[in-house]
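Worksheet: one structure, shown below.
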Amino acid sequence: MRYISTRGGIAPLPFQDALMMGLARDGGLLVPERLPSVSEATLEQWQRFGYQQLALELLSLFIDDIGRQTLNELIESAYAHFDHPQVTPMRRQGELFILELFHGPTLAFKDVALQLLGNLFTHVLGQRGGCMNILGATSGDTGSAAIAGVRGKPGINIFILHPHGRTSPLQALQMTTVLDKNVFNIAVRGSFDDAQAIVKTLFNDLAFRDRYCLGAVNSINWARILAQVVYYVFSYLKLRGLGHRSVDFAVPTGNFGDIFAGFVAKNLLPRGCIQRLILATNANDILTRFVKRGDYSRSQVIPTSSPSMDIQIASNFERYLYYLHDGDSAALRADMEQFAQSGCLDLSRFRARTAEDFRSHSVSEDETIATISEFYQKHAYLLDPHTAVGVRAAMACREERPVICLATAHPAKFGASVQKAIGREAPIPPQLAELAHRESRCEVLDADVEAVRNFVVAHALQKPGS
């Protein structure tokens, strides 16, 4: 399997090179040369597998330059510290199935990918030598999960940007209380989109990128997407075993990464297994406007109780647009250049094709809190605000098929919202409760490329001789 850029400016790469490149050197995003597919017979075989064994089989379709035994060891190690034997268990709650993705070390869905990504980075650096300076931006959970994946690992420093004061307090503490020498937290005075723009600018400075061996952990890194495909297939197979041959997924999203993994899974499985992906947004509804009207236009970021979705420029949307253009990189480049200049795209010509993949619904703040309250009263089950957005969208868009709702974070990470909804905070797991008593470390900077560049230069690992 080889990987190419959505913008067509690089030669095809094997997986390990794609992993280490992260953002393509032409500014695009890496995708497989082709999306593999599996047969009904293969699904029958996979249905007997546990999570780790399924991950090995599925990832092997996309990774052919890491030995099977080594890949298995990396997978087993990645999920050894999850607190549920199924890694991503699913629970039926009334009319919906809730896929719990928060059983990893930082209690968020990002752990599923980033525990594996950290192992992959360490493996490749061990084979090739050298060092890596990971640079990423987070709207909430990516940062803590990325830090947990690489903290203390030799040959890696990690720099994570988050919007100052715009994550939940617990999200911030999960990052800033990690004091390992290779961990650097930067709070930027601005939005997540500001932080993400800084990261992309530095990655597109190829001389800087090469000198400081920058690596990506955001979902711009293809390996992040790939690891998340597994839980779509795993949960589908659980319902298939109960006699459901076709399902929908409801996905709270802002950056289009998690739901793009669902798009890959939809195309991997036989036609009709995953019928629709229900794209759930909060008040920052650029993706809902795209699905419903073909209007992909940037506006101001609105702070909400689901901060990981407070995004107006969805980084992974470029990957989906590449497939809408049937792999025409020139057309894709033209669209991305227009969006960079004007902040808007009219994609209404793709509405019929988009409707084959997605339904979408935008959920207000009042609806989010009401959903947490109503779901708890009805099922005695607590949702975090992001999951509540997904559940509300699922109820608005569901048809006759079962709907699997992705539960992306533990509700205790958003205590204020839960308290507003049910009159008390969610019980706080011990690993979160102790954070308030720990020492923290964070650099607060303006949302300025040069300020961040200078901080990275001052603290980065460097290749010998550079």
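The values are calculated or read from the model by the stated rules, or taken from the named source; none is laboratory data. On a predicted model such as this, the values are computed, not experimentally measured, just so you know. Positions of Cβ are generated from backbone atoms using ideal geometry, with glycine treated the same way; all protein chains shown enter the neighbour counts. Accessible surface areas use protein heavy atoms only, side chains included; no ligands, DNA or RNA. Shrake-Rupley method; radii C 1.70, N 1.55, O 1.52, S 1.80 Å.
Restricting to segment 4-15, count the residues that are open to solvent by less than 20 Å² (accessible area, probe 1.4 Å) and outside any loop (DSSP other than H, G, I, E, B). Before the answer, list the steps.
From segment 4-15, those open to solvent by less than 20 Å² (accessible area, probe 1.4 Å) are 5-6, 15; that's our starting set.
Checking the rest, the ones that are also outside any loop (DSSP other than H, G, I, E, B) come to 5, 15.
Residues meeting the conditions: 2.
Yes/no per residue for (1) in a strand (DSSP E or B); (2) of a type outside the set (S, T, N, Q); (3) at pLDDT 95 or above:
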site: Q196; (1), (2), (3): no, no, no
site: I220; (1), (2), (3): no, yes, no
site: L239; (1), (2), (3): no, yes, yes
site: A250; (1), (2), (3): yes, yes, yes
site: F260; (1), (2), (3): no, yes, yes
Which listed residue, of G262, G241, is open to solvent by less than 10 Å² (accessible area, probe 1.4 Å) and not hydroxyl-bearing (S, T, Y)
G262
Return yes or no: is R271 part of a loop (DSSP other than H, G, I, E, B), at negative phi, among the charged types (D, E, K, R) and surrounded by fewer than 22 Cβ atoms within 10 Å (Cβ to Cβ)?
yes
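Within the bounds of segment 208-215, is there any residue that is small (G, A, S) and either open to solvent by 10 Å² or more (accessible area, probe 1.4 Å) or over 20 Å from the mean Cα position of the chain (by Cα) (or both)? Before you say what the answer is, go through the steps one by one.
From segment 208-215, those small (G, A, S) are 215; that's our starting set.
Filter once more, keeping what is either open to solvent by 10 Å² or more (accessible area, probe 1.4 Å) or over 20 Å from the mean Cα position of the chain (by Cα) (or both): none.
Scanning segment 208-215, I find no residue that is small (G, A, S) and either open to solvent by 10 Å² or more (accessible area, probe 1.4 Å) or over 20 Å from the mean Cα position of the chain (by Cα) (or both), so the answer is no.
Pull up segment 411-427, narrow it to residues that are touching a residue at least 40 places away in the same chain (Cβ under 8 Å) and open to solvent by 40 Å² or more (accessible area, probe 1.4 Å), then point me to the one that is farthest from the chain's Cα centre (by Cα). Working first, answer last.
First, the residues of segment 411-427 that are touching a residue at least 40 places away in the same chain (Cβ under 8 Å): 412-418, 420-422, 426.
Now restrict to residues that are open to solvent by 40 Å² or more (accessible area, probe 1.4 Å): 416, 420.
On the way: A416: 24, K420: 27 Å.
Per the criteria, the residue is K420.
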Residue satisfying all of: in segment 117-166; under 21 Å from I225 (Cα atoms) and of a type in the set (S, T, N, Q); surrounded by the most Cβ atoms within 10 Å (Cβ to Cβ) among these:
S144
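Scan segment 28-63 residue by residue and report those that are among the small types (G, A, S), surrounded by fewer than 17 Cβ atoms within 10 Å (Cβ to Cβ) and touching a Lys or Arg at 6+ places or on another chain (Cβ under 7 Å). Break it down stepwise before answering.
At the first step, the residues of segment 28-63 found to be among the small types (G, A, S) are 28, 37, 39, 41, 50, 55, 60.
Restricting the remaining residues to those that are surrounded by fewer than 17 Cβ atoms within 10 Å (Cβ to Cβ) gives 37, 39, 41, 50, 60.
Hit for segment 28-63 is S60, nothing else.
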Which one is surrounded by the fewest Cβ atoms within 10 Å (Cβ to Cβ) among residues in segment 324-367 that are of a type in the set (S, T, Y) and either modelled with pLDDT under 95 or closer than 15 Å to D295 by Cβ (or both)?
S342
Inspect all residues belonging to segment 55-63 and state whether any of them is among the aliphatic types (A, V, I, L, M), outside any helix (DSSP H, G or I) and in contact with a Phe, Trp or Tyr (Cβ under 7 Å, 6 or more places away or on another chain).
yes
So which residues in segment 307-336 are part of a loop (DSSP other than H, G, I, E, B) and either at negative phi or under 19 Å from the mean Cα position of the chain (by Cα) (or both)?
D310, I311, Q312, I313, A314, S315, N316, H325, D328
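Test A352 against the criterion of being in a helix (DSSP H, G or I) and touching a residue at least 40 places away in the same chain (Cβ under 8 Å), and give yes or no.
Details: in a helix (DSSP H, G or I): yes; touching a residue at least 40 places away in the same chain (Cβ under 8 Å): no.
Considered against the rule, which asks whether it is in a helix (DSSP H, G or I) and touching a residue at least 40 places away in the same chain (Cβ under 8 Å), A352 comes out as no.
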Under the condition of being closer than 20 Å to V178 by Cα and among the charged types (D, E, K, R), which residue from segment 428-449 is most open to solvent (accessible area, probe 1.4 Å)?
E439
Residues in segment 109-116: is at least one open to solvent by 10 Å² or more (accessible area, probe 1.4 Å) and touching a helix residue (DSSP H, G or I) at 6+ places or on another chain (Cβ under 6 Å)?
yes
Report yes if A370 is assigned to a helix (DSSP H, G or I), at pLDDT below 95 and either under 27 Å from T408 (Cα atoms) or open to solvent by 60 Å² or more (accessible area, probe 1.4 Å) (or both), otherwise no.
no
Would you check which residues across segment 286-306 are surrounded by fewer than 21 Cβ atoms within 10 Å (Cβ to Cβ) and part of a loop (DSSP other than H, G, I, E, B) and list them?
G294, R298, S299, Q300, I302, P303
First in segment 356-379 and of a type in the set (D, E), second anywhere and in a helix (DSSP H, G or I), Cβ under 8 Å, 6 or more apart:
D357/F263; D357/K266; E367/R392
Mind checking which pairs have a first residue in segment 48-69 that is without any contact (Cβ under 8 Å) to a residue 60 or more places away in the chain and among the small types (G, A, S) and a second that is open to solvent by 50 Å² or more (accessible area, probe 1.4 Å) and not in a helix (DSSP H, G or I), Cβ under 9 Å, 6 or more apart or different chains?
G50/P85; G50/Q86
